[in-house]
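Notes follow the structure.
The values are calculated or read from the model by the stated rules, or taken from the named source; none is laboratory data. The shown structure was predicted, so the numbers you read here are calculated from the model rather than taken from an experiment. Glycine also receives a Cβ, built like all others from the backbone with ideal geometry; neighbour counts cover every protein chain displayed. Accessible surface is based on the protein model in full, side chains and every heavy atom, while ligands, DNA and RNA are left aside. Shrake-Rupley method; radii C 1.70, N 1.55, O 1.52, S 1.80 Å.
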Amino acid sequence: MMSEVTLNIKDTSELAVSELITIMQARTKVFVVEQNCAYQEVDDADFNARHVYFTNHQELIAYTRIISDGNPNYIRFGRVLVAAPYRKQHFGRQIVTETIKEIQHLYPEKSIKIGAQNYLRKFYESFGFQAVSDVYLEDDISHIDMILSGGH
């Protein structure tokens, strides 16, 4: 039931062990297994990330992580996913919308920079992101850097 969807926004240190494991399982399933891409999915950025995710009871629906890496101009988010049973139900748009809102609330003067998978370029452009790089390969997947200007 979609009426039981809950938005969760927590720093890594606020996550219960079960929440952290659920997030890591979902990310590994999508970015390593589904995309057949062997890389260090759980990384040092996770220690200080802010996690934005929807759940239906304990089940993860959609997820992103926000990273502040000390850059004075940009905040980043990534690891955007929608769990397979919930795809094609607009949760991708909803999770990105909530992530942008959270970043603009916490860092109103900073722009948002993402490394988007190139096939999602038009999706991110629909939020106002603009491409700022050529297409490049990251872990054999075409990506493009995009920025949403801050200070709105």
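Descriptive notes on the structure:
- Pairwise centroid distance, computed over Cα atoms, of the stretch 12-59 with the stretch 61-75, Å: 14
- Accessible area, probe 1.4 Å, largest first, for residues LYS88, LYS29, LYS110: LYS88, LYS29, LYS110
- Packing-based ranking, highest mean first, of 131-142, 39-50 given that Cβ atoms within 10 Å are counted: 39-50, 131-142
- Residue-averaged 222 nm ellipticity for the chain, from DSSP H runs of 4+ at -39500 (n - 2.57), nearest 500: -6500 deg cm²/dmol
- Residue-normalised accessible area of the stretch 19-88, expressed per residue, 1.4 Å probe, Å²: 52
- Environment charge of VAL30, counting only residues whose C-beta is closer than 14 Å and scoring Lys/Arg +1, Asp/Glu -1: +2
- Positive minus negative residues near ILE66 (Lys, Arg vs Asp, Glu; Cβ under 9 Å): +2
- Positive-end ranking of GLY78, ALA26, GLY150 along the dipole of the chain, with charges on Cβ about the Cα centre, is headed by GLY150.
- Note on the stretch 70-115: with neighbouring protein chains present and a 1.4 Å probe, carbon and sulfur make up 49 percent of its accessible heavy-atom surface.
- Taking all protein chains into account, the per residue accessible area for the stretch 112-152 stands at 59 Å² (1.4 Å probe).
- Summed side-chain charge close to VAL42 - residues other than VAL42 whose Cβ falls under 11 Å, Lys, Arg +1, Asp, Glu -1: -1
- Count, lysine Cα pairs under 18 Å in the stretch 60-130, 8 or more residues apart or across chains: 4
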